[in-house]
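Working notes for the structure below.
The values are calculated or read from the model by the stated rules, or taken from the named source; none is laboratory data. Everything numeric here is computed off the predicted structure, so don't read it as measured data. Backbone-built Cβ (ideal geometry, glycine too); neighbour counts: all protein chains shown. These area figures cover heavy atoms from the full protein model, side chains too; ligands, DNA and RNA do not enter into them. Shrake-Rupley method; radii C 1.70, N 1.55, O 1.52, S 1.80 Å.
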Amino acid sequence: MRKIIPLFILIFLVAPRVQAQSKMEWFQDAKLGIFIHWGLYSVEGISESWAFYNGYLSHEDYLQQRNGFGAENYDPQAWVELIAASGAKYTVITSKHHEGFALWDTKYGNLNAVEHAKAKRDVLTPFVNAVRDKGLQLGLYFSLPDWSHLNYTHHTKDKKRYTIANDPQRWKKYRKYMLGQLNELSKKYSPNLWWFDGDWEHSAEEWGVEEIKTLLTKNSANVIFNSRLNGKGDYDTPEIGVPVYRPKAPYWELCVTMNDSWGYQKTDTNYKTSLQVMDLFVDCISKGGNLLLDIGPKADGTLPKEQQDLLKALGQWTKKHGSAIYGTRKGIPYDHFYGPTALSKDKKTLYLYVRDVPKDGKLVLKGISNRINVAYVVGEGSMLQKQTLCKVYWNKYPGITYIELPPESIDPYYTVVALKLDGEIDLFGSTTGAIEQN
Ligand code: GLC
């Protein structure tokens with residue numbers, strides 16, 4: 001007897017997945033975000049929060065930086081212009097890092113930019129307004145730990161104030177403070193994305209991850225959470241290194257620094273070149289992820305020249321190659337093309353990202369069963385010549401296609417070739433044996 005699943009049960013089963021997929025769509029399409037680490041640490045140009053946690057200086061001396069955090073030349077519109085010009089579709093700013101310094105006018109705790117720093121003003125709200133005006137998506141970074149707060153368990157690497165088991169009441173007080181700030185941020189700014197950090201110090205039960213998520217989805221059902229909620233978020237956040245193998249997770253974002261530091265560090269000159277940043281970006285695109293590239297403004301609110309230049313260079317490339325970036329999905333295995341690739345959402349266009357031009361100027365594509373209707377250079381338009389070898393009418397093997405790239409079409413960063421296929425991409429995966437009839 002055939003069993004018929006009632007429609008309402010089917011809807012019940014499928015709906016949550018469809019909803020999860022659609023709430024993630026803007027994120028998956030966005031490809032590029034800009035991370036901002038701005039806080040007390042930018043004053044002396046030392047490592048964010050970790051400087052005192054690791055004992056490089058005392059907590060007291062670290063907090064002295066409040067007298068230098070002035071934001072005198074802070075121009076949030078200019079930041080946002082630069083971010084948008086880089087081609088980023090979203091931005092994530094540190095509302096509060098592990099040391100507990102809040103950039104907004106919070107009524108919780110006693111460490112914020114309005115009452116406890118030279119700036120004497122809320123520096124988060126004007127940024128959020130500029131982001132909204134520009135139509136970018138807003139992400140708020142929030143550190144679950146607050147190493148300065150007297151009711152928080154950890155103070156430094158060597159000093160814990162208490163354990164939750166020994167003083168559950170004290171932990172309750174800390175959670176009340178943390179939830180108070182989260183509620184405040186959620187109500188004031190309704191971010192599109194929450195970027196949590198520091199979950200490693202406690203379990204999901206201790207943080208109350210479910211309660212946090214319920215609170216933050218109350219007013220914005222479609223808000224996205226990164227996975228630093230003890231793994232209970234919507235997308236993975238590998239840090240610093242692009243995953244070598246294409247991640248299994250459907251959604252992920254690589255967060256990475258331009259030099260080796262998140263915040264502004266005066267002695268760190270180990271900047272990546274614009275081509276090296278592009279290498280990371282293309283690697284993320286081809287593996288189906290996003291790049292969240294970090295900038296670290298100085299305490300007066302200005303951005304180091306190197307960082308501005310990298311954002312501008314990215315902008316040059318993204319402006320020309322938009323169709324091969326936004327809304328794309330992960331590419332095909334390297335067995336078919338020795339380099340990064342991506343597919344359009346409908347899987348009918350294959351993009352090849354060419355960093356270095358082969359010595360005969362020809363790109364080699366193997367085992368694509370589709371007909372290639374047209375091959376052209378993205379953002380430039382030249383139609384490209386193709387030659388297919390090892391394809392005979394009596395064999396299913398689709399052959400090897402050589403695509404010729406004219407030297408005039410080469411981009412200073414990555415040249416992108418689009419291949420319009422006759423349908424959804426069809427990869428040939430069999431081996432052929434002796435052909436007995438031809
Ligand atoms: C780490 C660090 C932190 C930095 C963050 C960015 O978890 O603790 O300093 O803000 O990663 O991804």
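Kindly list the number of the only condition in (1) hydrophobic (A, V, I, L, M, F, W, C); (2) more than 30 Å from LYS366 (Cβ to Cβ); (3) open to solvent by less than 50 Å² (accessible area, probe 1.4 Å) that fails for ILE325.
(2)
Looking at VAL80, VAL92, VAL114, which one is within 24 Å of the chain's Cα centre (by Cα) and not in a strand (DSSP E or B)?
Numbers: VAL92 fails: not in a strand (DSSP E or B); VAL114 fails: within 24 Å of the chain's Cα centre (by Cα).
Residue meeting the stated conditions: VAL80.
What strands (runs of 3 or more DSSP E) completely inside the range 374-438 contain at least 2 residues that are in contact (Cβ under 8 Å) with a residue 40 or more places away in the chain?
400-404, 415-421
Hey, GLY361 hits all of (1) over 33 Å from the mean Cα position of the chain (by Cα); (2) open to solvent by less than 40 Å² (accessible area, probe 1.4 Å); (3) over 21 Å from VAL282 (Cβ atoms) but one; which does it fall short on?
(3)
When the residues of the range 412-431 are narrowed to those that are in contact with a helix residue (DSSP H, G or I) (Cβ under 7 Å, 6 or more places away or on another chain) and either under 19 Å from LYS366 (Cβ atoms) or aliphatic (A, V, I, L, M) (or both), which ends up surrounded by the fewest Cβ atoms within 10 Å (Cβ to Cβ)? Steps first, answer last, please.
Residues of the range 412-431 that are in contact with a helix residue (DSSP H, G or I) (Cβ under 7 Å, 6 or more places away or on another chain), as a first pass: 413-416, 418.
Within this subset, residues satisfying the condition of being either under 19 Å from LYS366 (Cβ atoms) or aliphatic (A, V, I, L, M) (or both) are 416, 418.
On the way: VAL416: 25, ALA418: 19.
Applying the filter and picking the extreme gives ALA418.
Which one of the conditions (1) surrounded by fewer than 21 Cβ atoms within 10 Å (Cβ to Cβ); (2) more than 16 Å from the ligand (Cβ to nearest atom); (3) assigned to a loop (DSSP other than H, G, I, E, B) does ALA130 fail to meet, given that it meets all the rest?
Single failed check for ALA130: (3).
Does LYS298 satisfy the criteria of being in contact with a strand residue (DSSP E or B) (Cβ under 8 Å, 6 or more places away or on another chain) and either on the phi > 0 side of the Ramachandran plot or open to solvent by 10 Å² or more (accessible area, probe 1.4 Å) (or both)?
Considered against the rule, which asks whether it is in contact with a strand residue (DSSP E or B) (Cβ under 8 Å, 6 or more places away or on another chain) and either on the phi > 0 side of the Ramachandran plot or open to solvent by 10 Å² or more (accessible area, probe 1.4 Å) (or both), LYS298 comes out as no.
Would you be able to tell me the number of residues in the range 35-64 that are part of a helix (DSSP H, G or I), more than 17 Å from ASP260 (Cβ to Cβ) and touching a residue at least 60 places away in the same chain (Cβ under 8 Å)? Lay out the reasoning, then the answer.
So in the range 35-64, the residues part of a helix (DSSP H, G or I) come out as 40-42, 50-53, 59-64.
So of that shortlist, the ones also more than 17 Å from ASP260 (Cβ to Cβ) come out as 40, 52-53, 59-64.
Then keep just the ones that are touching a residue at least 60 places away in the same chain (Cβ under 8 Å); that gives 40, 52-53, 59, 63.
Of the residues in the range 35-64, 5 are part of a helix (DSSP H, G or I), more than 17 Å from ASP260 (Cβ to Cβ) and touching a residue at least 60 places away in the same chain (Cβ under 8 Å).
Given the criteria over 20 Å from ASP294 (Cα atoms), within 16 Å of the ligand (Cβ to nearest atom) and of a type in the set (Gly, Ala, Ser), does SER148 qualify?
Criteria met by SER148.
Give, as residue ranges, the helices (runs of 4 or more DSSP H) completely inside the range 148-217 that count at least 3 residues that are of a type in the set (Ser, Thr, Tyr) and under 21 Å from PHE101 (Cβ atoms).
Hits in the range 148-217: 168-189.
Being away from the ligand (no atom under 14 Å from the Cβ) and under 19 Å from SER95 (Cβ atoms) is true for just one of THR267, THR237, THR217. Which residue is that? Before you say what the answer is, go through the steps one by one.
Numbers: THR267 fails: under 19 Å from SER95 (Cβ atoms); THR237 fails: away from the ligand (no atom under 14 Å from the Cβ).
Exactly one of THR267, THR237, THR217 is away from the ligand (no atom under 14 Å from the Cβ) and under 19 Å from SER95 (Cβ atoms), namely THR217.
Scan the range 279-290 and tell me whether some residue there is free of Cβ contacts under 8 Å to residues at least 24 places away in the same chain, surrounded by fewer than 22 Cβ atoms within 10 Å (Cβ to Cβ), more than 17 Å from TYR141 (Cβ to Cβ) and under 17 Å from the mean Cα position of the chain (by Cα). Explain how you work it out, then say what you get.
Going residue by residue through the range 279-290, those that are free of Cβ contacts under 8 Å to residues at least 24 places away in the same chain are none.
No; the residues of the range 279-290 include none that is free of Cβ contacts under 8 Å to residues at least 24 places away in the same chain, surrounded by fewer than 22 Cβ atoms within 10 Å (Cβ to Cβ), more than 17 Å from TYR141 (Cβ to Cβ) and under 17 Å from the mean Cα position of the chain (by Cα).
Does any residue of the range 159-172 turn out to be open to solvent by less than 10 Å² (accessible area, probe 1.4 Å) and either without any contact (Cβ under 8 Å) to a residue 24 or more places away in the chain or not aromatic (Phe, Trp, Tyr) (or both)?
no
Could we say that TYR245 is within 29 Å of TYR338 (Cα to Cα) and assigned by TED's automatic domain parsing to the domain that holds LYS319 here?
yes
In the same structural domain as HIS149 (by TED's automatic domain parsing), in contact with a Ser or Thr (Cβ under 8 Å, 6 or more places away or on another chain), buried (at least 23 other Cβ atoms within 10 Å of the Cβ) and acidic (Asp, Glu) - does that describe any residue in the range 90-113?
Yes: one or more hits.
From TYR353, TYR338, which residue is modelled with pLDDT of 95 or more, in contact with a Pro (Cβ under 7 Å, 6 or more places away or on another chain) and not assigned by TED's automatic domain parsing to the domain that holds PHE27?
TYR353
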